[in-house]
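Below is one structure, written out as structure tokens; the observations come after it.
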Amino acid sequence: MQIVRTILWVLLLVGILAFSFGNWDRQIDVRIWPGIVWDTRVPALVIVSFLIGLVPMWLYHRGVRWRQGRRIAALETATTKMAAPRADTPTPTPPVRPEPATQDLPPEPSNPVDPEPTIKS
């Protein structure tokens, strides 16, 4: 892609140079405001007109690319933060319940007190 861009710029430069050599002897008067007249050659007028049209659009293009690059970088960092597990918070593990050991328990003592007195009639 870079070679195509370079070829296009070289062809544009060759075209401007050919136009300049062919029209250098012509001098024209450009009226900027009433009372202000600019005597210039045709190639200078063409190059200045080209730059007046190119520079603002090129600056706008660079600004849009810069803004989109920042947006893409912000979105990428947001997605990596959401996708990657955080290292500072450990993952919760389920609690381990001990199994009841029936063989190791001592025998229950007999209850010396009855919970409810029984009435005999």
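Work out the FRET efficiency for Ile52 and Leu11 from their Cβ-Cβ distance, taking R0 = 22 Å, and round it to the nearest 0.05. Each step should come with its number before you reach the end.
Numbers: r = 21 Å, r/R0 = 0.97.
So, using R0 = 22 Å, E works out to roughly 0.55.
Exposure proxy check: Ile52, Ile16 ranked by fewest other beta carbons within 10 Å?
Working: Ile52 9, Ile16 14.
The fewest-first ordering by Cβ neighbours comes to Ile52, Ile16.
How do 37-43, 27-33 rank on mean C-beta neighbours within 10 Å, highest first? Please report the intermediate quantities before stating the final value.
Details: 37-43: 13.3, 27-33: 9.3.
With the highest mean Cβ count within 10 Å placed first, the list reads 37-43, 27-33.
Kindly list the residues of region 58-74 that lie in the label zone of Ala83, defined by a backbone N under 14 Å from the point 7 Å along the Cα-to-C-beta vector.
The answer is 73-74, whose backbone nitrogens lie closer than 14 Å to the label point.
Laboratory data are not the source of any read-out in this text; all were calculated from the coordinates shown. Predicted model only: the values in this text are computed from it and were never measured. Cβ coordinates were reconstructed from backbone atoms using ideal geometry, including for glycine residues, and neighbour counts include every protein chain displayed.
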